[in-house]
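In what follows, a structure is listed as structure tokens, so that the remarks can point back to it.
The values are calculated or read from the model by the stated rules, or taken from the named source; none is laboratory data. Since the model is a prediction, treat every value here as computed from it, not as a measurement. Cβ placement follows ideal geometry from the backbone for every residue including glycine, while neighbour counts extend to all protein chains displayed. These area figures cover heavy atoms from the full protein model, side chains too; ligands, DNA and RNA do not enter into them. Shrake-Rupley method; radii C 1.70, N 1.55, O 1.52, S 1.80 Å.
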Amino acid sequence: FKVINDSLGHTFGDQLLITIARRLTSLLRPTDAVARLGGDEFTILLEGIKDISDAIKVADRIQAELRLPVILGEQEVFTTASIGIALSATGYDRPEELLRDADIAMYRAKTLGKARYEIFNTTMHTWAVARLQLENDLRRAIERQEFQIYYQPIVSLKIGRIIAFEA
């Protein structure tokens, strides 16, 4: 999406988003909902999903539809989607928790490669919380000057001399 905005301009970026929104809507039932969260992120609420396989079927249809080219002006543009799936059956107290977990799963899908989906599991949230804690701890350690640096020589066995250092 950023490449489209940077190369063709925001007008074409907006046209791309409109086209994607229409394509997503065409794949859904009247009881389902699609909304743009921001940037190039959309969220889809599927009503009455009985089994994870139902959500996977929708994700597969979305992937297939978004692989089709979009014509923007004179340009043919290809898109992919990283999809995060979270099921409300997990027992959420607030809707934003469901969105958070779908977002976590989506970023996991992006990390593992483009044009794929991932299903949220609680380990993903545990990992996200642990990463936040680690980042906070590292920032505090820098502020408190709690790091010490040690250098270790790297010796070439061929020439028997120091050729570099690692820290």
* To do: Output the residues belonging to region 1-51 that are acidic (Asp, Glu) and crowded, with 16+ Cβ neighbours inside 10 Å.
  => 32, 40
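Considering region 108-126 alone, what residues qualify as being closer than 25 Å to residue 64 by Cα, in contact (Cβ under 8 Å) with a residue 24 or more places away in the chain and assigned to a helix (DSSP H, G or I)? Lay out the reasoning, then the answer.
Let us first name the residues in region 108-126 that are closer than 25 Å to residue 64 by Cα, namely 108-121.
After this cut, where a residue has to be in contact (Cβ under 8 Å) with a residue 24 or more places away in the chain as well, the list is 108-110, 114-120.
Those that are closer than 25 Å to residue 64 by Cα, in contact (Cβ under 8 Å) with a residue 24 or more places away in the chain and assigned to a helix (DSSP H, G or I): 108, 109, 110.
Take residue 65 and tell me if it is free of Cβ contacts under 8 Å to residues at least 12 places away in the same chain and surrounded by 14 or more Cβ atoms within 10 Å (Cβ to Cβ).
Working: free of Cβ contacts under 8 Å to residues at least 12 places away in the same chain: no; surrounded by 14 or more Cβ atoms within 10 Å (Cβ to Cβ): yes.
Against the criterion (free of Cβ contacts under 8 Å to residues at least 12 places away in the same chain and surrounded by 14 or more Cβ atoms within 10 Å (Cβ to Cβ)), residue 65 does not qualify.
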* Asked: Picking from 154, 142, 159, which residue would you name as being among the β-branched types (Val, Ile, Thr), free of Cβ contacts under 8 Å to residues at least 40 places away in the same chain and in a loop (DSSP other than H, G, I, E, B)?
  -> 159
* What is the one condition in (1) touching a residue at least 40 places away in the same chain (Cβ under 8 Å); (2) among the small types (Gly, Ala, Ser); (3) in contact with a helix residue (DSSP H, G or I) (Cβ under 9 Å, 6 or more places away or on another chain) that residue 48 does not satisfy? -> (1)
* Structure fact -> Restricted to region 72-99 and to residues being touching a residue at least 60 places away in the same chain (Cβ under 8 Å) and assigned to a loop (DSSP other than H, G, I, E, B), the residue nearest to residue 45 (Cα to Cα) is 79
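Collect the residues in region 27-40 that are under 19 Å from residue 65 (Cα atoms), out of contact with any Lys or Arg (no Cβ under 7 Å at 6 or more places or on another chain) and touching a residue at least 12 places away in the same chain (Cβ under 8 Å), keeping them in residue-number order.
Across region 27-40, the qualifying residues are 28, 29, 32, 33, 34, 36, 40.
Would you check which residues across region 76-116 are polar (S, T, N, Q) and open to solvent by 90 Å² or more (accessible area, probe 1.4 Å) and list them? Walk me through how you get there before you give the answer.
So in region 76-116, the residues polar (S, T, N, Q) come out as 79-80, 82, 88, 90, 111.
Listed by number, the list holds a single entry, 111.
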